[in-house]
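*Asks:* Dropping the structure in here first, questions after.
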Amino acid sequence: MQEQVQIFLKWIKESSNIVFFGGAGVSTESGIPDFRSADGIYNQAYKYPPETILSHTFYIKKPDLFFEFYKNKMIFPEAIPSTTHKKLVELEKDGKLKGIITQNIDGLHQKAGSKKVIELHGSVLRNYCEKCGMFYDVNYIIQSDNIPVCSCGGRVKPDVVLYEEGLNENSLREAIKLISEADVLIVGGTSLGVYPAAGLIDYYKGNKLVLINKSATSYDKKADLLINDSLGKVFGQVITKNNI
């Protein structure tokens, strides 16, 4: 495994056009549970399946149960950036990393200091009134008794992409551009089982596709470099100009 890591480090050192595509595994080391692992949210017992609760239909029909689940299982205000988050910031400062494309909604990349972040599935940090469009921060959602309501009387909806909802077209176009122009594409902490997000990998045209994930994915055979290890352990070995 160390041989693969050395190749990874060499590619990073030699490249000035790196793009990182990440999933839940980036944030599990910050204490945020993922969805699909053995201990993940989707394998816990609830009255309704999490996939159902986090759907647009459920949000509309049972908003009280939606927000109960959402506030208990989707918001982690005390979480701090992991080693991977911090190393990506340093790579960006060094001019090597051109952008981060994340499936996460926790805002930890920005909290760490990353500037170019495309959030495919939105963010828990942004919330909007469905009636007047007024913005509310995450604390407003946390502190609301149940269903958050705007001063105008409208319901406040988290700016996250629920099941049955489409991804933001501008975010998709920007992600496709970054991936298609990348020299090195690092895919980390994701099972690549969520579409259309996972399909974005197919836009990569280079020959340095790095896949870092503890478990197997459907893209393993397509990777130019496969590392089955934790992101923190791998990224902890990355040396940058402002090494941390």
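*Asks:* So which of TYR140, TYR136, TYR163 ends up being within 19 Å of the chain's Cα centre (by Cα) and either open to solvent by 10 Å² or more (accessible area, probe 1.4 Å) or among the aliphatic types (A, V, I, L, M) (or both)?
*Replies:* Selected residue: TYR163, the only one of TYR140, TYR136, TYR163 that is within 19 Å of the chain's Cα centre (by Cα) and either open to solvent by 10 Å² or more (accessible area, probe 1.4 Å) or among the aliphatic types (A, V, I, L, M) (or both).
*Asks:* Of the numbered conditions (1) touching a Lys or Arg at 6+ places or on another chain (Cβ under 7 Å); (2) outside any helix (DSSP H, G or I), ILE142 fails exactly one; give the number of that condition.
*Replies:* The number of the failed condition is (2).
*Asks:* Still on this structure, I have one more. So, in segment 72-89, of the ones that are open to solvent by 10 Å² or more (accessible area, probe 1.4 Å) and assigned to a helix (DSSP H, G or I), which residue ends up nearest to TYR140 (Cα to Cα)?
*Replies:* ASN72
*Asks:* Then there is this: Among (1) more than 17 Å from GLY23 (Cβ to Cβ); (2) open to solvent by less than 40 Å² (accessible area, probe 1.4 Å), there is one condition ARG155 misses while meeting the rest; what is its number?
*Replies:* Condition (2) is where ARG155 drops out.
This table checks each residue for (1) aromatic (Phe, Trp, Tyr); (2) farther than 26 Å from MET74 by Cα; (3) assigned to a loop (DSSP other than H, G, I, E, B); (4) in contact (Cβ under 8 Å) with a residue 60 or more places away in the chain.
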residue: LYS177; (1), (2), (3), (4): no, yes, no, no
residue: VAL210; (1), (2), (3), (4): no, yes, no, yes
residue: ASP229; (1), (2), (3), (4): no, no, yes, yes
residue: GLY232; (1), (2), (3), (4): no, no, no, yes
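*Asks:* Then there's this: Mind listing whichever residues of segment 179-195 are open to solvent by 30 Å² or more (accessible area, probe 1.4 Å), under 25 Å from GLY95 (Cβ atoms) and assigned to a loop (DSSP other than H, G, I, E, B)?
*Replies:* Matches in segment 179-195: ASP183 only.
*Asks:* Specify which of the listed residues (ILE227, ILE201) is under 18 Å from the mean Cα position of the chain (by Cα) and either of a type in the set (D, E, K, R) or at pLDDT 90 or above (or both).
*Replies:* Result: ILE201 is the single residue among ILE227, ILE201 that is under 18 Å from the mean Cα position of the chain (by Cα) and either of a type in the set (D, E, K, R) or at pLDDT 90 or above (or both).
*Asks:* So LYS98 ticks every box in (1) free of Cβ contacts under 8 Å to residues at least 12 places away in the same chain; (2) farther than 28 Å from CYS150 by Cβ but one. Which box is left unticked?
*Replies:* (1)
*Asks:* Checking ILE239 against (1) modelled with pLDDT under 95; (2) within 19 Å of the chain's Cα centre (by Cα), only one condition comes out false. Which one?
*Replies:* All conditions pass for ILE239, except number (2).
*Asks:* Scan segment 212-227 for residues that are outside any loop (DSSP other than H, G, I, E, B), of a type in the set (D, E, K, R) and either open to solvent by less than 20 Å² (accessible area, probe 1.4 Å) or in contact with a helix residue (DSSP H, G or I) (Cβ under 9 Å, 6 or more places away or on another chain) (or both) and jot them down.
*Replies:* LYS222
*Asks:* Right, something else. Residue by residue through segment 212-227, note down the ones that are in contact with a strand residue (DSSP E or B) (Cβ under 6 Å, 6 or more places away or on another chain) and without any contact (Cβ under 8 Å) to a residue 12 or more places away in the chain.
*Replies:* Once the filter is applied, which keeps residues that are in contact with a strand residue (DSSP E or B) (Cβ under 6 Å, 6 or more places away or on another chain) and without any contact (Cβ under 8 Å) to a residue 12 or more places away in the chain, segment 212-227 yields only ASP220.
*Asks:* Being part of a loop (DSSP other than H, G, I, E, B) and touching a helix residue (DSSP H, G or I) at 6+ places or on another chain (Cβ under 9 Å) is the filter; apply it to segment 111-133 and report the residue that is surrounded by the fewest Cβ atoms within 10 Å (Cβ to Cβ).
*Replies:* LYS115
The values are calculated or read from the model by the stated rules, or taken from the named source; none is laboratory data. Keep in mind it's a predicted model, so treat the numbers as computed, not measured. Counting neighbours? That spans all protein chains shown, and the Cβs are built from the backbone with ideal geometry, glycine included. The area values use the complete protein model at the heavy-atom level, side chains included, leaving out ligands, DNA and RNA. Shrake-Rupley method; radii C 1.70, N 1.55, O 1.52, S 1.80 Å.
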